[in-house]
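These notes concern the structure reproduced below.
What follows draws every value from the coordinates through simple rules; no lab data is involved. Predicted model, so just to flag it, every value in this text is computed and none were measured. Reconstructed Cβ throughout: ideal geometry from the backbone, glycine too, with neighbour counts over all protein chains shown.
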Amino acid sequence: MRIVPVKTENIEYRIYIGGDVTRQTEAFRELSSLVNDRRCWILADDHTAALFGTQVEERLREAGATVAGTQVVQAGENAKCLEVAGHLYDKAVEAGLDRRSLITALGGGVIGDLGGFIAATYLRGIDFIQWPTTLLAQVDSSVGGKVAIDLPAGKNLVGAFHQPRLVAADLLTLDTLPRAEFEGGLAEVVKYGVIMDEDFFAFLERHADEINRRQPEVMETVVERCCCLKAQVVQADARESGMREILNYGHTFGHALEVLAGYGQLSHGAAVAIGMTMAAELAAEKALFSRQDKERQTSLLREFGLPVKAPAGIDSGKALEIMRHDKKSRDRKLRLVLPRRIGAVEVTAFEEESRVARVMEICCE
């Protein structure tokens with residue numbers, strides 16, 4: 001088992017990483033101290049409820065919690081909406097949740113975002129646990145306290161900063177992932193190497209075969225390193241007012257692609273991979289990023305089975321309009337995370353929208 005501490009201005013918590021992690025003594029002891037004699041409500045989707053719901057209910061009861069039931073929503077990005085959130089508030093009242101209660105978000109990034117958003121806003125904020133079951137959630141979205149729902153105009157436009165009290169990254173859940181979903185998580189893994197850690201990027205290149213085979217020891221190292229890197233950023237900038245923006249590498253392009261394709265049609269991981277390719281191409285055109293480093297990134301994404309071309313027919317004008325609503329934008333002007341070398345990026349105000357549009361067209365099938 002690996003443990004990664006996260007300390008922000010207002011709260012400190014730990015990420016536990018390993019197989020069947022909450023059965024290990026130290027993790028179970030902390031879970032017990034957190035949930036004992038408290039009412040716990042589990043939020044899951046129809047996949048994670050079927051796979052892990054009974055096990056997590058039992059573990060919470062063993063830890064001393066009163067389990068108020070498991071609330072199930074339909075799997076997929078479409079669950080992150082105002083309509084579903086409103087329904088969940090009503091169900092939280094029916095379940096008898098009060099300010100001492102706690103929500104357990106059991107699932108991938110969608111459930112983590114949605115469950116965290118409900119926890120952040122119900123009764124002006126109650127505690128929650130992240131129990132991530134996908135690689136993407138374990139290495140990225142479950143850590144750092146950014147929780148949100150989507151609007152038709154774009155992803156994550158309504159949200160809050162609400163840190164979890166504990167993250168239980170059980171690596172055994174990765175064995176249940178379809179190949180495409182596992183690959184989607186690898187997009188975020190590659191992102192960390194590009195933005196912060198050239199040595200980690202080289203590790204990914206050397207161990208790509210073991211990673212593709214989900215070799216347990218290598219995956220434990222991968223998840224731990226990503227969590228350590230994100231913890232560094234979160235501790236320095238808990239509310240995304242500066243340094244934390246670098247975590248959005250590939251996401252400004254990627255979120256626009258997700259919206260244009262229709263939520264659920266293009267996975268988040270695939271969209272981020274394409275978005276990183278677009279950002280790298282733009283940086284290379286401006287001589288900020290070497291063509292050699294760009295090809296290293298492209299090769300690694302392909303090695304992990306990720307797309308580097310957007311679907312045909314993407315309207316660059318519509319994409320630019322969506323990108324102007326991005327959280328990093330100022331006065332509707334683009335600000336993009338662009339790579340300078342493997343291991344370092346910068347956030348750049350970018351006014352040459354015609355060049356951005358051309359890059360998007362280059363990177364389409």
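Past 32 Å, Cα to Cα: identify those pairs from Lys146/Lys318; Lys80/Lys286; Lys91/Lys318; Lys294/Lys333; Lys286/Lys309, in the order given.
As for pairs spanning more than 32 Å Cα to Cα, those are Lys80/Lys286; Lys91/Lys318.
Would you please put 152-165, 34-47 in order of how densely packed they are, using the mean number of other Cβ atoms within 10 angstrom per residue and starting with the highest?
Result, highest mean Cβ count within 10 Å first: 34-47, 152-165.
State whether segment 186-272 is rounded, prolate or oblate according to the following rule on the C-alpha gyration tensor (a ≥ b ≥ c being the square roots of its eigenvalues): a/c under 1.5 gives rounded; otherwise a/b larger than b/c gives prolate, and the remaining case gives oblate.
Oblate, since a/c reaches 1.5 and b/c is not below a/b.
Under 5 Å between amide H atoms, partner at least 5 residues away or on a different chain: which partners does Gln71 have, H built in plane at 1.01 Å?
Close amide H contacts, sequence-distant or interchain: Ile42, Leu43, Ala44.
Just how far, in whole angstrom, is segment 171-217 from segment 53-78 if you go by their alpha carbon centroids?
27 Å
Which cross-chain or sequence-distant (5 or more) residues have an amide H under 5 Å from the amide H of Leu151, H modelled 1.01 Å from N in plane?
Counting only residues 5 or more places away or on other chains, the set is Asn156, Leu157, Val158.
Using a ≥ b ≥ c from the Cα gyration tensor of segment 2-176 (square roots of the eigenvalues), is it rounded, prolate or oblate, where a/c under 1.5 gives rounded and otherwise the larger of a/b and b/c decides, a/b for prolate?
It is rounded, given that a/c, with a ≥ b ≥ c, falls under 1.5.
Can you tell me what percent of all Cα-Cα pairs in segment 179-362 are more than 25 Å apart?
When all Cα pairs of segment 179-362 are counted, 30 percent exceed 25 Å.
Quick one: 3J(HN,Hα) in Hz for segment 7-20, Karplus 6.51/-1.76/1.60 with θ = phi - 60°, rounded, Gly and Pro as x.
Running phi through 6.51 cos²θ - 1.76 cosθ + 1.60 with θ = phi - 60° gives 10, 10, 4, 10, 8, 10, 8, 10, 9, 9, 10, x, x, 6 Hz.
Arrange the peptides 134-142, 256-264, 100-108 so that the one whose residues have, on average, the most other Cβ atoms within 10 Å appears first.
In decreasing order of mean packing, 134-142, 256-264, 100-108 become 134-142, 100-108, 256-264.
Determine the gain in length on full extension of the stretch Gln265-Ile362; use 0.36 nm per residue of separation and subtract their C-alpha separation, reporting nm with one decimal.
My answer for the length gained is 32.8 nm.
From a point 7 Å beyond the Cα of Glu346 in the direction of its Cβ, which residues of segment 225-260 have a backbone N at a distance under 13 Å?
Zone members listed by number: none at all.
Could you work out how much longer the chain between Asn10 and Asp46 gets when fully extended? Use 0.36 nm per residue separation minus the Cα distance between them, nm to one decimal.
Result: 9.6 nm gained on full extension.
Kindly identify segment 131-206 as rounded, prolate or oblate by the Cα gyration tensor criterion: order the square roots of the eigenvalues as a ≥ b ≥ c, call it rounded if a/c is under 1.5, otherwise compare a/b with b/c, prolate if a/b is larger, else oblate.
Because a/c hits 1.5 or more and a/b exceeds b/c, segment 131-206 counts as prolate.
Ranking request for peptides 242-252, 14-24, 284-294: highest mean number of other beta-carbon atoms within 10 Å first, then the rest in descending order.
My ranking of the peptides, most packed first, is 242-252, 14-24, 284-294.
Among DSSP bridges having both ends in the chain, what percentage is antiparallel? Round to the nearest 5.
45 percent
Between Ala287 and Leu157, what is the label-to-label distance in nm when each label sits 7 Å out along the Cα-to-Cβ direction?
Calculated label separation equals 3.9 nm.
Counting pairs of Cα atoms in the chain, how many percent are more than 32 Å apart?
28 percent
Please compute the modelled spin-label separation between Lys309 and Glu94, points set 7 Å along Cα→Cβ, answer in nm with one decimal.
Each label point is offset 7 Å from its Cα along the Cβ direction, giving 4.8 nm.
Once the piece of chain linking Val84 and Glu205 is laid out straight, how much longer is it, given 0.36 nm per residue of separation minus the C-alpha distance between them?
39.5 nm
Measuring from a point 7 Å past the Cα of Ile3 along Cα-to-C-beta, which residues in segment 16-44 have an amide N at less than 18 Å?
Once the point is set 7 Å along Cα→Cβ of Ile3, 16-36 turn out to lie under 18 Å by backbone N, inside segment 16-44.
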